Each structure stands twice: as C-alpha cells, then as structure tokens.
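> Following this message is one structure expressed as structure tokens.
The values are calculated or read from the model by the stated rules, or taken from the named source; none is laboratory data. Since this is a predicted model, take the numbers as computed values, not measurements. Cβ atoms come from the backbone with ideal geometry, glycine included; neighbour counts cover every protein chain shown. Accessible surface is based on the protein model in full, side chains and every heavy atom, while ligands, DNA and RNA are left aside. Shrake-Rupley method; radii C 1.70, N 1.55, O 1.52, S 1.80 Å.
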Amino acid sequence: MPVEIRKLPGGIRAIQAPGALTHVQKTMDITLADNRNEVKVVHRLANKGSKLITLAPWALTVMAQRGVAIIPLPKKIPILSG
C-alpha cells in the first residue's frame, strides 16, 4: 500500500493507512540534525479500530558495522485492566 509523506522541519513523516484486519495505523518520522551526523527515527502505532488490542511495536533499524546507536526509552505507561 502507498504511504502518505508529509514534510517536517528537517525531515519527513510517512503515514500508512490503517490495516484492514488490525486497524492499526503505522507512522514513522525521520529527521536529520542540522549540524551533526545524526538521524532521529520515531515509530508510532495508533489503534484506529473500535476494539481494544494488545500489541508491541518492533522497529528494526540497520546501520553500518561498528556504528553507534543511542536508543532512549520512554517512561513506562501503566497497563489498565478492567
């Protein structure tokens, strides 16, 4: 499926339509730093369906051998049960 591309300051946002079965929309922001050799990639998943689903994102990023990746993790979000 084609993706929608939007310009961001210093990069782009790629937006995929929600999946026909899962209704999950995938978005990826890719931005370049102004004065450093740095690329920032942010992956997002959004449930666009009416049912609650449980999922975990898995984003594979490939880089050169002996490259350095700094991967900050967000604060944990409590899981609501009910």
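> From the residues in the range 1-20 that are in a strand (DSSP E or B) and over 16 Å from ALA46 (Cβ atoms), which one is least open to solvent (accessible area, probe 1.4 Å)?
If we take residues in the range 1-20 being in a strand (DSSP E or B) and over 16 Å from ALA46 (Cβ atoms), then GLY11 is least open to solvent (accessible area, probe 1.4 Å).
> Still on this structure: Give the range 21-38 a look and list any residue that's more than 20 Å from GLU4 (Cα to Cα) and open to solvent by less than 100 Å² (accessible area, probe 1.4 Å), or say none.
ALA33, GLU38
> Could you list all residues from the range 39-82 that are touching a residue at least 12 places away in the same chain (Cβ under 8 Å), open to solvent by 90 Å² or more (accessible area, probe 1.4 Å) and either within 15 Å of LYS26 (Cα to Cα) or touching a Phe, Trp or Tyr at 6+ places or on another chain (Cβ under 6 Å) (or both)?
ARG44, LYS48, PRO57, listed by residue number.
> Of all the residues that make up the range 1-28, how many are within 25 Å of ILE79 (Cβ to Cβ), out of contact with any Gly (no Cβ under 6 Å at 6 or more places or on another chain) and touching a residue at least 12 places away in the same chain (Cβ under 8 Å)?
Qualifying residue count for the region: 7.
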